[in-house]
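Below is one structure, written out as structure tokens; comments come after it.
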Amino acid sequence: MKIVLYGKQGHAYTVAFKNFLNSTDVPYTYKDISKDVVAREHSKELYEGVAKFPTLFVDDKVYLTPTTEEFNKIMQDLNLRA
């Protein structure tokens, strides 16, 4: 399983999602769109020209700006627990 999270330092959802992922044994990649130009440009492609976050990638699925409830459901479906 490959998990990538695009976010921004200090953003509430980004921090919460990172904290959850850090508490699991599953490796993931975090990309801060304020510092990573490639991630920021990719974000703009996904959101029709605007860089938005968080964005969660799990294998071949893309979750655009998931809410906390959506994130929790995704993690539950993946059998990931903190």
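Brief remarks follow.
- Whole-percent carbon and sulfur share, accessible surface of the chain, 1.4 Å: 49 percent
- Principal-axis analysis of the Cα atoms of the chain puts helix 68-77 at an angle of about 50° to the longest axis.
- Solvent-accessible surface of the chain, averaged per residue with a 1.4 angstrom probe and all protein chains in place: 63 square angstrom.
- Between L46 and V62, residue separation times 0.36 nm minus the direct Cα-Cα distance comes to 4.8 nm.
- Label zone at N72 (point 7 Å along Cα-to-Cβ), backbone N below 16 Å, the stretch 1-19: 13-14, 16-19
The values are calculated or read from the model by the stated rules, or taken from the named source; none is laboratory data. Just so you know, these numbers come straight off a predicted model, no measurement behind them. Cβ coordinates were reconstructed from backbone atoms using ideal geometry, including for glycine residues, and neighbour counts include every protein chain displayed. The protein model used for the area step is the full one, side chains on, heavy atoms only, and it has no ligands, DNA or RNA in it. Shrake-Rupley method; radii C 1.70, N 1.55, O 1.52, S 1.80 Å.
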